[in-house]
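Asker: Below: one structure in structure tokens.
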Amino acid sequence: MAWAGARIGPPPSPVPKGRLMTVTPLRRALVVLAVASLPVVAAPSAAAAEPDPKALTWTVQPATASGPDQRRWINASLDPGQSVTEHLAVRNFSRSAVAFSLKAADGYLTDKGRFNMLSSDRPSVDGGTWIDVQEKVTVGPNETRVVPFTITVPRDATPGDHPAGIAATVTSTGGTVNVESRVGFRVMLRVNGTARAALAVRGLGVTYSPSWNPFAGGRVRVRYTVENDGNVWVSGTSRVAISDLLGRTGHDATGAVEELLPGGGRQVETRVDGVWALGRLRTTVSTSPTLLGDAQAGADLRPASATVTTWVVPWAQLALLGLLAVALLGLRAVARHRRRRLAGLLARARQEGRQEGQEAVLVGGAPAGAEPDAGDARR
């Protein structure tokens, strides 16, 4: 498996305090670069294979007493009051010996789902305080040193997961700020007891964007936050179901809930197309947790759901109906006008016919075939 490395170089431009960057691990070690005060430095992954002579490059990974092993991080399931010894391996790719500071701290997931440790200026209150490791280790050029560390679970520790991280750090001075570069891996500590895997859906909001094509449905945008209300490390699945005014459910969307540590949360957005806006839309989001880490028999799995009702107006369809109504009224008005005009023409024709008949009688005398009167006969 490949090594992952980090490099100290010229200080980058400052970033807001508390912002952390995680270098994607190559395969074995989780590489984290954190800042004690402001900037963060991230090295290219190729540095592990061909380290720059002008840079400082090192890796940290889980190990046994004899050397590095195949673990990406450490999973430990312990009872309250129990103590175990683990090991880490620090490898220095540089051409000179380096004195590394070894530190442990509480772990968390960033907004993008990457594991990280609390920075040195933030005190740990959970699993990070359970790890006891020597403060410094000096590693020669192109050498690897194995360092033991002890994990001691408090007797009053609550059941569940208590994530932590351990790292080898180097602090360099760049101008007026100190840059702390850390390379380490996660230590997932689980206290035996009742495991409760519970997801909660909060802040559910739904917006509807109509399609201006009256023959096509619109888009429903569903936003919510999935939070881990349990005491163990979980992932899961989510399902969005949308029903119309008559209760018919014809639009579903499913997705994966990425890993969440106890107390953590993540915002989710789902889009569903082709939904007709016919008054009421009822949107239900349901989640089902999946236990991660060392599975425990009889774990309490608690699904959750939330529902919100949205009233929408089918503007495109109403506009189409309005146009059809206007067109129908217009056609009826035209038809009535034509009927009235035709009736007027017929009445005029009849009137003109009667007038022509009367004029013919007055101008032409008696009609043809009439009997001559007596005076005409004697003449």
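The values are calculated or read from the model by the stated rules, or taken from the named source; none is laboratory data. Owing to the predicted nature of the structure, the values given are computational and were not obtained by experimental measurement. Because the Cβ atoms are built from the backbone with ideal geometry, glycine has one as well, and the counts that use them run over all protein chains shown.
Asker: Could you please find all residues in segment 194-219 being part of a strand (DSSP E or B) and closer than 26 Å to LEU260 by Cα? Full working, then the answer.
Answerer: Keep residues of segment 194-219 that are part of a strand (DSSP E or B), which gives 196-209, 218-219.
Scanning segment 194-219 gives ARG196, ALA197, ALA198, LEU199, ALA200, VAL201, ARG202, GLY203, LEU204, GLY205, VAL206.
Asker: Can you name the condition, by its number, that THR169 falls short on among (1) buried (at least 17 other Cβ atoms within 10 Å of the Cβ); (2) within 30 Å of the chain's Cα centre (by Cα); (3) of a type in the set (S, T, N, Q)?
Answerer: Just one mismatch for THR169, condition (2).
Asker: For the structure I just gave you, tell me whether ASP229 is closer than 20 Å to LEU109 by Cα and not β-branched (Val, Ile, Thr). Break it down stepwise before answering.
Answerer: Numbers: closer than 20 Å to LEU109 by Cα: yes; not β-branched (Val, Ile, Thr): yes.
For ASP229, the condition - closer than 20 Å to LEU109 by Cα and not β-branched (Val, Ile, Thr) - is met.
Asker: Taking the stated definitions as given, is THR85 at pLDDT below 95 and closer than 30 Å to ASN228 by Cα?
Answerer: The answer is no for THR85.
Asker: While we're looking at this one, here's another question. Within the group ASP132, ASP111, ASP106, which residue is touching a Ser or Thr at 6+ places or on another chain (Cβ under 6 Å) and within 27 Å of GLY230 (Cβ to Cβ)?
Answerer: ASP106
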